[in-house]
Every structure is written in structure tokens, then in C-alpha cells.
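Enquirer: This structure is in C-alpha cells; I'll ask about it shortly.
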Amino acid sequence: MRDNLHSSMVDKGLKSRAGLIIVVVFVLLGILVCRLAVMQIFKGAYYNGLAMNNRTRIVSINAPRGRILDRNNVVLADNRPSYNLMALPEDISDVKGVAHRLSMILEKDEDEIAGIITKGMNRPFEPVYVARDITFEQVAGVESILFDLPGVGINAGTQRHYVYDMLGAHTLGFLGEVSADQLRNPGKEDYARGDLVGKNGVEKRCEKKLRGIKGYRIFEVDVLGRRIRVLKEEAPERGSDIKITIDKQLQAIAMNAMDGKAGSVVAMRPSDGEILALVSAPGFDPNMFLGHLDEEGWNAFIRDPMHPLQNRALRGQYPPGSIFKVVVALSGLSTGRIMHEDTCVCTGEYKVGNHTFHCWNSWGHGKVDLARGIIESCDVYFYWLGEKLGIDLIASTARAMGLGAPTGIETHDEESGLIPTKAWKLRRFGRLWQLGETIISAIGQGFVLVTPIQVAKSMSAVVNGGQIYTPRILMDSPVHEEAQLNVSKKDLDFIREALRKVVESEHGTARQIMDPDVSVGGKTGTAQVVSGYTSKRPDETDIPYKFRDHAWFFGFSPVRDPEILVACVVEHGGHGGSVAGPVVHKVIKRYFSLKKEKK
């Protein structure tokens with residue numbers, strides 16, 4: 001009986017242990033089932049992606065950028081075939097060895113290559129650019145050892161190409177690698193590190209249209225990350241072409257006319273605001289930013305005292321000198337402070353308190369009316385007129401003409417210039433405005449600053465009958481009429497006739513550019529940079545360069561119904577009539593010769 005009891009107890013123990021084992025087994029099976037469910041159902045896509053990444057690699061294919069064309073469909077910015085050396089850092093186990101082998105082919109610093117690859121490891125499964133636009137010889141060299149370089153590949157694509165190098169560089173802009181800050185911005189979700197993006201000019205303004213849509217290529221790779229075959233490919237979609245208002249041939253003549261000079265030329269159609277030429281000198285070749293520009297080369301470039309990257313047409317701020325006299329004349333006429341025939345006597349001097357202001361003609365002009373004041377650019381006449389008006393009335397007219405504010409051109413990369421008022425000086429310096437400051441402002445000196453494109457915009461309104469147009473550089477931008485000048489037709493016709501005589505009159509300050517074949521009107525300006533220097537030479541070469549006057553001229557043609565207006569400033573160029581005037585004349589003359597050729 002005791003044996004039976006013992007046997008029964010053993011059976012119960014075994015059954016209890018068996019039950020426990022079964023429970024444990026079922027628990028383990030349950031955990032396994034749950035884990036499988038999580039992996040295959042809830043996180044199936046995630047783990048499938050990891051599995052795919054173990055055997056595949058996805059490489060994006062950048063779309064060819066749209067071209068930039070001039071008004072006559074001449075291609076200014078195009079694309080050409082190129083090859084880029086790419087690396088997928090997580091597939092490279094021997095970074096130093098790979099960098100060493102590539103450095104010998106690319107003739108590039110080994111540590112720099114290693115740094116690029118190492119830095120790329122922070123972003124897994126994202127290719128990095130080791131070298132852009134490599135030569136055919138370098139492609140062949142890499143291809144010959146590619147099987148021994150897991151994670152390295154050649155990406156065939158296109159490279160931006162600015163067809164005429166420096167021509168229109170500031171207007172077209174250039175490309176550069178997208179920055180980390182830009183990648184975080186809304187609308188940049190489709191960009192990846194190493195992608196190129198428009199940095200300024202039309203390239204930046206029209207980035208979305210020009211860029212196109214990326215494609216991709218899926219490769220199957222072996223366990224070492226070496227490519228075996230292409231599994232799938234989606235072709236990229238090319239960007240849209242952009243047509244601009246610039247005339248390539250007119251741009252070229254303006255650029256050549258500014259060769260060796262610093263400054264700007266802006267050619268504009270007074271009838272609608274279209275920009276025909278936009279030159280900033282000296283220029284630069286935007287193609288250089290697409291290759292490898294090391295830190296030393298970049299620093300040398302940006303430290304250039306001539307500042308070739310600066311777009312002087314839109315961002316250069318200069319005292320306008322005597323071209324501002326047109327603004328002061330219109331202010332006097334529109335406010336009724338003067339009539340056409342009102343005169344003053346110029347003795348070569350104008351006294352205000354205990355200070356004497358001088359005319360450029362030290363002998364004086366004698367009895368001067370408004371027309372003669374403009375034609376011969378008599379300073380004393382405008383000292384007198386400025387005192388009658390006061391700075392706030394002058395400023396009101398100047399701002400109504402578009403000075404002292406960005407013009408609104410599509411690239412949105414402008415300086416505002418400066419049109420001072422009494423309130424402005426009080427805010428800026430905490431001091432009251434002085435009468436002497438009005439006197440010098442009336443001849444475009446003192447605090448007054450303008451940009452070349454502002455001059456083109458405001459003076460176009462003077463010669464087209466008073467309509468102010470927003471300058472535009474894109475052909476598909478609508479014509480924008482901002483306002484009508486509050487000046488009578490009679491007064492505008494009077495000013496325009498005086499501007500004609502600036503060129504055609506015997507005593508006009510731009511007499512030397514008179515052309516029997518082309519009717520030109522305009523106004524000279526010589527803007528003093530610093531006082532205390534008097535030149536004994538016409539070109540002021542006896543004065544240090546940085547202290548010489550700026551030379552201004554704006555001209556328009558034909559005088560009766562203007563088709564083109566050109567504004568030019570030559571930094572430290574001396575006298576407007578002898579330096580800036582001939583530049584404007586060349587551009588206007590070329591405009592009409594091109595028109596004749598087309599006919």
C-alpha cells in the first residue's frame with residue numbers, strides 16, 4: 001500500500017512538472033508568436049527595409065536643371081555631361097585605405113577624402129560626394145579598381161554650364177551645395193546633403209522651376225556592398241527653362257565697355273520696365289563655384305579689394321551727384337516753388353551763413369534759368385533751388401520717383417539707398433538738420449545714396465511721360481505700373497528737352513557723345529567721394545584711386561519717344577561726361593544697330 005501511495009505521489013509530481021513545462025512552452029510560444037506578429041505585421045515595413053538595405057542600395061539621380069535663355073532664346077546657362085565620385089560610408093570598412101587609393105587617382109588630399117567619408121557616417125544609407133565633375137581619365141582610373149572599392153561608385157549626370165563665363169554672372173547667379181540650415185527649411189524635403197541649389201540671382205529666384213524632379217536607381221549589392229546589378233530605375237524629370245529679358249549682345253557690349261573699370265551699367269526699356277542689360281564690374285565666372293574651390297582660393301576671392309561678387313547694379317550705393325538735379329528740378333516745378341524762367345546769378349560761389357559753397361565752374365555761369373542750370377549743371381542754381389524747397393520737399397519727390405527704397409525687381413537682392421529727411425537725421429544722429437546739408441543734398445551729395453537700378457527706374461519715369469514701372473528681369477513677369485508722377489506733361493517735356501541739350505548744346509556737359517546718327521538725351525554726374533582733393537588732370541590720375549570722384553551718366557534715346565535708357569556709374573572714374581557718358585553711348589548705339597540687323 002505504501003508503494004502504491006509513493007507511486008501515486010510520483011505520478012502527481014510528474015504531471016505537475018509536465019503541466020509546468022507545457023505552460024512554459026506555451027508562454028514561450030506565445031512570446032515567439034507575439035514577436036513574430038510585431039516583426040511581420042506591425043514593424044514589417046521597417047524590418048523589410050533593413051533587409052532590403054542589406055542587399056540593395058538606392059542612389060538618387062539629380063534632374064538636369066532647366067536652361068536660362070536671353071530674350072532672343074540664346075542659351076546663357078545650360079548643362080553638360082559630368083561624372084561624380086560618390087561613396088556610401090557604411091559600406092566602407094577601411095576608410096583610410098579607400099581614401100589613399102582614391103587620392104592617387106583624383107590628385108586630392110587623402111585626409112580630406114577620409115574626412116568626407118567619415119563625416120558621412122552620421123547619416124546612414126545616404127551617399128556623399130567625394131569629388132564632382134571628375135575627368136574621363138579619373139573615371140577610367142576609378143573604374144579599373146572599382147571592384148576593390150566597396151561603397152564607392154561613379155554617378156553619371158549633368159553639370160551646370162554657364163556658356164559665356166562672366167557674361168551676366170550677377171544676374172544669372174550661381175549654384176552651391178545646400179546648407180544644413182536650408183535642409184531644415186520647409187520646402188527642402190526633397191533635398192539631400194551634397195545637392196546643389198541656387199545661391200543668388202535667377203538661379204535662386206527660380207530654383208523651384210529650374211530644379212526639376214529627382215529620379216532614382218536601385219542596385220543589388222553583395223555582402224561587401226559591391227554593386228551586382230540594377231533592380232529598378234526611375235528617370236528624373238528635367239527642370240523648366242527660364243527666359244529673361246536680357247539681350248545677350250547688348251549685355252556683351254556693356255560688359256566690354258566696362259572692361260578695366262569698377263561700376264555698373266543698367267539698360268532699361270522706359271515703356272515697360274524690362275531690363276535689357278545688367279552689368280556689374282568687375283565680374284566673376286560662376287563656373288568656378290561648380291568645381292573644387294578650396295578654402296584658400298575662396299578666401300582670396302572674397303578678400304579681393306574690387307569685390308567681384310558684389311552686384312553693384314542692385315547693391316552698390318553711391319552719391320548720385322548732379323543727376324540728382326533732375327529730381328530737385330521736378331520737385332521745384334511740381335510744388336510751384338519755381339517756374340521755367342526763374343533765374344539766379346551764379347558767381348561761382350553761394351554763401352550760407354559763414355560758409356561758402358562753390359560751383360564746379362569757379363568763374364561762375366552768370367544769369368542762369370532752370371534749363372541752363374540742367375544743361376550746364378550749374379551747382380549754384382541748385383543750391384539756390386534747394387534752399388527754396390527744403391530737404392523734406394526734395395525727399396518727398398525723390399521717394400515718389402522710387403529712390404530710397406528697393407525697386408521690386410524679382411531677384412529681391414537690393415539695397416534701399418538713402419533719401420534723408422529732418423526726421424531721419426534726428427532719429428539716426430539725435431541732431432537737428434542744418435541748412436548746409438540741404439544745400440549739398442540738392443546736388444546729390446551729403447547723405448543721399450542711390451543704386452544704379454534706382455536711377456534707371458526713376459529717370460525712365462521722367463522721360464516716358466511720368467509712368468513709374470517696376471524693373472523686371474523675367475520674361476513671364478507681368479508689367480507692373482506702380483504710379484504716375486505728380487508732374488504736368490508740360491514740365492516733363494521741358495525737362496526732357498533740357499536733357500537733350502545736355503548732349504546737343506554747345507555748352508552741354510555731355511557734348512562729347514553727341515552723335516548725328518542717334519538722338520540722345522541725358523545727364524552727367526560727378527559724385528565727390530572725399531573732400532580736400534583737387535585734380536589738375538581731366539582723368540584725376542593725380543589723385544589716389546580710392547579718393548577720386550565717381551562718374552555718372554544716364555542717357556536715353558530717341559529723345560522724343562525713348563526706347564532705351566541706360567544708367568552707368570564708374571567708381572572713382574572722375575567726370576561723368578568723359579568716362580560714364582561714352583559707356584552709355586556705346587550701349588545705345590549697339591541697341592539701334594542690333595535693331596537694324598534684325599529688320
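Enquirer: Run S557 past the list (1) open to solvent by 10 Å² or more (accessible area, probe 1.4 Å); (2) free of Cβ contacts under 8 Å to residues at least 40 places away in the same chain and report the number of the one that doesn't hold.
Expert: Tallying (1) open to solvent by 10 Å² or more (accessible area, probe 1.4 Å); (2) free of Cβ contacts under 8 Å to residues at least 40 places away in the same chain, S557 fails exactly one: (1).
Enquirer: OK, next. Picking from D133, D148, which residue would you name as being open to solvent by 60 Å² or more (accessible area, probe 1.4 Å) and either in contact with a Leu (Cβ under 7 Å, 6 or more places away or on another chain) or not small (G, A, S) (or both)? Step through it out loud before you land on a result.
Expert: Details: D133 fails: open to solvent by 60 Å² or more (accessible area, probe 1.4 Å).
It is D148.
Enquirer: For region 314-343, which residues satisfy the criterion of being assigned to a helix (DSSP H, G or I), in contact with a His (Cβ under 9 Å, 6 or more places away or on another chain) and closer than 24 Å to T509 by Cβ?
Expert: The answer is G321, L333.
Enquirer: Also, quick follow-up: So if I check each of K586, K595, K599, K546, which one is free of Cβ contacts under 8 Å to residues at least 40 places away in the same chain, open to solvent by 50 Å² or more (accessible area, probe 1.4 Å) and within 19 Å of I253 (Cα to Cα)?
Expert: Numbers: K586 fails: free of Cβ contacts under 8 Å to residues at least 40 places away in the same chain; K599 fails: within 19 Å of I253 (Cα to Cα); K546 fails: within 19 Å of I253 (Cα to Cα).
That would be K595, the only listed residue that is free of Cβ contacts under 8 Å to residues at least 40 places away in the same chain, open to solvent by 50 Å² or more (accessible area, probe 1.4 Å) and within 19 Å of I253 (Cα to Cα).
Enquirer: So which residues in region 228-258 are modelled with pLDDT of 95 or more, more than 19 Å from E207 (Cβ to Cβ) and among the small types (G, A, S), if there are any at all?
Expert: A252, A254, A257
Enquirer: Also, I was wondering about something else. Within region 453-470, does at least one residue satisfy the condition of being over 29 Å from the mean Cα position of the chain (by Cα) and of a type in the set (A, V, I, L, M, F, W, C)?
Expert: No, every residue in region 453-470 fails to be over 29 Å from the mean Cα position of the chain (by Cα) and of a type in the set (A, V, I, L, M, F, W, C).
Enquirer: Do we have any residue at all in region 391-400 that's outside any helix (DSSP H, G or I) and either open to solvent by 10 Å² or more (accessible area, probe 1.4 Å) or modelled with pLDDT of 95 or more (or both)?
Expert: Here is the first cut: in region 391-400, the ones outside any helix (DSSP H, G or I) are none.
No, there is no match, as no residue in region 391-400 is outside any helix (DSSP H, G or I) and either open to solvent by 10 Å² or more (accessible area, probe 1.4 Å) or modelled with pLDDT of 95 or more (or both).
Enquirer: If you check every pair at least six apart or on different chains, which have Cβ atoms under 8 Å apart with a residue in region 261-290 that is over 26 Å from G522 (Cα atoms) and open to solvent by 10 Å² or more (accessible area, probe 1.4 Å) first and a residue that is in a strand (DSSP E or B) and among the aliphatic types (A, V, I, L, M) second?
Expert: F289/L175
Enquirer: Listed residues V569, V530, V520, V503; which is under 30 Å from the mean Cα position of the chain (by Cα) and at pLDDT 85 or above? If you could, list the steps in order and put the result at the bottom.
Expert: Details: V530 fails: at pLDDT 85 or above; V520 fails: under 30 Å from the mean Cα position of the chain (by Cα); V503 fails: under 30 Å from the mean Cα position of the chain (by Cα).
Exactly one of V569, V530, V520, V503 is under 30 Å from the mean Cα position of the chain (by Cα) and at pLDDT 85 or above, namely V569.
Enquirer: I need the full set of residues from region 415-433 which are part of a loop (DSSP other than H, G, I, E, B), crowded, with 16+ Cβ neighbours inside 10 Å and over 29 Å from the mean Cα position of the chain (by Cα), in order please.
Expert: Listed by number, the residues that qualify are T421, W433.
Enquirer: For region 60-108: of the residues being small (G, A, S) and more than 30 Å from C206 (Cβ to Cβ), which is most open to solvent (accessible area, probe 1.4 Å)? Before you say what the answer is, go through the steps one by one.
Expert: The initial filter retains those residues of region 60-108 that are small (G, A, S), namely 60, 63, 66, 77, 82, 87, 93, 97, 99, 103.
From the residues that got through so far, the ones that are more than 30 Å from C206 (Cβ to Cβ) too are 87, 93, 97, 99, 103.
Details: A87: 2, S93: 120, G97: 22, A99: 0, S103: 17 Å².
Filtering first and then ranking leaves S93.
Enquirer: Applying the selection to region 297-338, what residues are among the charged types (D, E, K, R) and more than 23 Å from the chain's Cα centre (by Cα)?
Expert: First pass over region 297-338, keeping only residues among the charged types (D, E, K, R): 303-304, 312, 315, 325, 337.
Once the filter is applied, which keeps residues that are among the charged types (D, E, K, R) and more than 23 Å from the chain's Cα centre (by Cα), region 297-338 yields K325, R337.
Enquirer: Please determine whether any residue of region 148-156 is under 30 Å from I242 (Cβ atoms), modelled with pLDDT under 90 and under 28 Å from the mean Cα position of the chain (by Cα).
Expert: no
Enquirer: Restricting to region 366-384, name every residue that is surrounded by fewer than 24 Cβ atoms within 10 Å (Cβ to Cβ) and either more than 18 Å from T524 (Cβ to Cβ) or acidic (D, E) (or both).
Expert: Of everything in region 366-384, those that are surrounded by fewer than 24 Cβ atoms within 10 Å (Cβ to Cβ) and either more than 18 Å from T524 (Cβ to Cβ) or acidic (D, E) (or both) turn out to be G366, K367, D369, E376, W384.
Enquirer: Let me ask you something else. Within region 470-501, can you find the residues that are within 21 Å of T407 (Cβ to Cβ) and open to solvent by 30 Å² or more (accessible area, probe 1.4 Å)?
Expert: Within region 470-501, M475, D476, P478, V479, H480, E481, E482, A483, Q484, N486 qualify.
Enquirer: Right, another one. Contact list please: Cβ distance under 8 Å, first residue in region 63-76 and closer than 18 Å to E237 by Cβ, second residue surrounded by fewer than 21 Cβ atoms within 10 Å (Cβ to Cβ) and among the hydroxyl-bearing types (S, T, Y), pairs at least six apart or on different chains.
Expert: P64/T158; R65/T158; G66/S240
Enquirer: Okay, moving on. Against the condition on the phi < 0 side of the Ramachandran plot, basic (K, R) and open to solvent by 20 Å² or more (accessible area, probe 1.4 Å), how does R160 come out, does it pass? Step through it out loud before you land on a result.
Expert: On the way: on the phi < 0 side of the Ramachandran plot: yes; basic (K, R): yes; open to solvent by 20 Å² or more (accessible area, probe 1.4 Å): no.
In short, no.
Enquirer: Taking the conditions exactly as written (part of a helix (DSSP H, G or I) and in contact (Cβ under 8 Å) with a residue 24 or more places away in the chain), does A300 satisfy them or not? Outline the logic, then answer.
Expert: On the way: part of a helix (DSSP H, G or I): yes; in contact (Cβ under 8 Å) with a residue 24 or more places away in the chain: no.
No, not satisfied.
Enquirer: Say whether the condition of being touching a residue at least 24 places away in the same chain (Cβ under 8 Å) and on the phi > 0 side of the Ramachandran plot is met by at least one residue in region 231-248.
Expert: no
Enquirer: Still on this structure: What residue, of G187, G198, is surrounded by fewer than 20 Cβ atoms within 10 Å (Cβ to Cβ), farther than 30 Å from L146 by Cβ and of a type outside the set (V, I, T)?
Expert: Values: G198 fails: surrounded by fewer than 20 Cβ atoms within 10 Å (Cβ to Cβ).
Just a single option satisfies the conditions, and that option is G187.
Each row is one residue, and each column tells you yes or no for (1) open to solvent by 10 Å² or more (accessible area, probe 1.4 Å); (2) at pLDDT 95 or above.
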site: R315; (1), (2): yes, yes
site: K325; (1), (2): no, yes
site: V328; (1), (2): no, yes
site: L333; (1), (2): yes, yes
site: C346; (1), (2): no, yes
site: V352; (1), (2): yes, no
site: H355; (1), (2): yes, no
site: W360; (1), (2): yes, no
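The values are calculated or read from the model by the stated rules, or taken from the named source; none is laboratory data. Everything numeric in this text was worked out from a predicted model, so none of it was measured. Here the Cβ is made from the backbone with ideal geometry for all residues, glycine too, and neighbour counts use every protein chain on show. Each accessible area value is taken on the protein alone, full model and side chains, heavy atoms only, with ligands, DNA and RNA left out. Shrake-Rupley method; radii C 1.70, N 1.55, O 1.52, S 1.80 Å.
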